[in-house]
Amino acid sequence: MKRRKFIESSLFTSAALASGVSNVYGHLMPKGYVPLLAQDPNPFELFNLNEEMEVLNDRPWNIESKAHLLNDAITPNSAMFIRNNGLLPESIDATTWTLTVEGESAAKTKTYTLTDLKKNFKQYSYQLTLECGGNGRKEFYPPAKGNQWGLGAVHCAKWTGVRLKDVLEDVGIKKNAVYIGYHAADIHLSRSPDKEPISRGCPMHKAMEDETLLAFKMNDEEIPIAHGYPLRLVAGGWPASVSGKWLQTISVRNKVHDGAKMTGTSYRVPCKPVAPGEEVADEDMCIIESMPVKSLITSPKTGAMLKLGKPLKINGHAWAGDLEVVKMEYSIDFGSTWHQCELKAPANRLAWQQFTATVNFPETGYYEVWARATDSNGKSQPMVLPGWNPKGYLNNACHRIAIKVS
Ligand SMILES: Nc1nc2c(c(=O)[nH]1)N[C@H]1C(S)=C(S)[C@@H](COP(=O)(O)O)O[C@H]1N2
Ligand SMILES: [Mo]
């Protein structure tokens with residue numbers, strides 16, 4: 001892997017660091033010493049990222065996008081957030097990679113190479129919204145532990161692969177199947193081979209949806225390493241933690257999957273609302289399924305300046321988990337009055353939808369543009385933080401941008 005090579009090559013170069021910068025006192029470095037710069041691979045080079053992405057953590061890699069980088073209907077690879085729970089797999093060989101389907105509720109155990117999957121099953125492409133359950137966590141009070149995601153842990157890429165349901169039907173599913181769980185090739189932070197960084201899943205009805213894919217392409221290219229090369233489970237509309245990267249095994253379970261990060265406070269929220277900071281008993285916690293309705297203004301960037309009399313065009317995306325967004329509104333008076341945006345239908349089920357509006361400001365001064373989406377069940381985004389929960393999941397409060405009119 002690129003990272004490993006980078007470190008090794010630096011061991012041999014006391015006089016020059018990567019990219020040809022001279023290490024002035026390199027001849028005085030203790031033998032075997034690895035210069036700091038060489039220890040920390042540059043994530044922007046490693047993952048080909050837009051320079052404005054924000055690194056929240058480097059072990060494991062957690063890198064967030066920005067609202068204004070997400071303006072495209074299909075998110076480019078360079079602007080996609082990266083969320084890892086462990087270390088990247090260290091040697092990936094797509095030519096020998098296999099997917100095994102097994103478990104109490106599988107009729108048999110069956111192993112497929114990538115070529116088997118590509119040759120034996122019909123291929124489909126969908127644009128799928130994947131949002132980290134913890135997107136927006138940084139707003140919660142009392143604060144929730146974990147990566148302090150702002151707005152940028154969401155993307156909608158185009159995924160290509162075969163339907164999980166076609167593969168499950170090929171293996172045969174027993175009547176008592178209730179859940180699938182994934183197992184992947186990434187490495188636990190402790191490096192213990194007995195521990196998995198994460199092993200989540202979903203109920204059979206989600207696994208059997210047309211749009212739930214075993215994907216081998218992202219945005220018409222091989223999936224980048226950071227996003228799960230060479231094979232990934234993709235289940236749009238649910239917390240992105242369900243979409244297992246570097247997929248090796250699907251286990252068909254006769255009970256709710258009990259892999260790493262399926263229990264406790266991981267990706268679970270109080271079944272009923274609780275007061276901020278309150279202790280919640282384990283049996284009162286429920287697994288997050290479909291994500292709540294949400295939207296993002298991707299243009300202009302917050303802080304934009306405008307001349308009075310010039311209308312402002314805003315645009316962005318709205319999404320609603322398994323549902324569709326049916327109404328999109330904006331407000332420039334702190335939510336006192338709302339105005340309709342133009343809203344497009346999704347490219348396919350579970351893809352985010354584009355909205356636009358032309359905003360006129362009555363006089364010079366400071367404004368905030370707030371955006372609010374409503375889903376097909378009539379639920380709208382809250383204007384303030386929604387229900388507190390121990391890990392700070394599901395913050396779908398209205399997105400707001402600041403505008404100065406002079
Ligand atoms: N194998 C594996 N799959 C994983 C993860 C992981 O750490 N390991 N992280 C999950 C979480 S919590 C999220 S939010 C998404 C992030 O997907 P991305 O990095 O492609 O944006 O991947 C999910 N799939
Ligand atoms: Mo996540």
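The values are calculated or read from the model by the stated rules, or taken from the named source; none is laboratory data. Model, not experiment: these values are computed from the prediction. With ideal geometry, Cβ positions are generated from the backbone for all residues, glycine too; neighbour counts draw on all protein chains shown. Areas reflect the complete protein model, heavy atoms only, side chains present, ligands, DNA and RNA absent. Shrake-Rupley method; radii C 1.70, N 1.55, O 1.52, S 1.80 Å.
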Cysteines, the chain, no other Cys beta-carbon under 4.7 Å: C132, C156, C202, C341, C398
Restraint check, K66/K206; K118/K206; K206/K261, Cα-Cα greater than 24 Å: K66/K206
For the stretch 98-287, just say rounded, prolate or oblate: build the C-alpha gyration tensor, square-root its eigenvalues into a ≥ b ≥ c, call rounded for a/c under 1.5, and beyond that prolate if a/b exceeds b/c, oblate if not. prolate
Fraction of antiparallel bridges per DSSP, the chain only, in percent to nearest 5: 90 percent
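Send over the semi-axes of the chain's equivalent ellipsoid, whole angstrom and largest first, taken as the square roots of 5 times the C-alpha gyration tensor eigenvalues. The partial results should precede the final answer.
Details: eigenvalues 248, 188, 87 Å².
Computed over the chain, the values are 35, 31, 21 Å.
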Hey, any idea what % of the chain's accessible area is carbon plus sulfur with a 1.4 Å probe? 52 percent
Note: K272 to F44 extended length (0.36 nm per residue) minus current alpha-carbon separation gives 78.0 nm
Pairwise label distance in nanometres, K175 with N360, each label 7 Å out on the Cα-Cβ vector: 6.6 nm
Along each principal axis of its Cα atoms, how long is the stretch 195-339 end to end? Whole angstroms, biggest number first, please. 62, 46, 27
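If you take the C-alpha gyration tensor of the stretch 294-405, multiply each eigenvalue by 5 and take the square root, what semi-axes do you get, largest first, in whole Å?
Working: eigenvalues 124, 56, 26 Å².
Semi-axes from the Cα gyration tensor: 25, 17, 11 Å.
How many Å² of accessible area per residue for the chain, probe 1.4 Å? Provide the component values of the computation, followed by the final result.
Working: 18730 Å² over 406 residues.
Per residue, the chain has 46 Å² of solvent-accessible surface.
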Computed, not fitted: 222 nm per-residue ellipticity of the chain from DSSP H runs ≥ 4 (each -39500 (n - 2.57)), nearest 500, equal to -2000 deg cm²/dmol
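Just check the stretch 261-340 against the gyration tensor rule for me: Cα atoms, a ≥ b ≥ c as the square roots of the eigenvalues, rounded for a/c under 1.5, and otherwise prolate or oblate depending on whether a/b exceeds b/c.
On the way: a/c = 2.92, a/b = 2.44, b/c = 1.20.
Cα axes put the stretch 261-340 in the prolate bin.
Starting from 0.36 nm per residue, how many nanometres of slack lie between T98 and Y33 once their C-alpha separation is accounted for? Each step should come with its number before you reach the end.
On the way: separation 65, 0.36 × 65 = 23.40 nm, distance 3.86 nm.
Going from the current span to full extension adds 19.5 nm.
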So the FRET efficiency between A397 and E289, C-beta based with R0 = 35 Å and rounded to 0.05, is 0.95
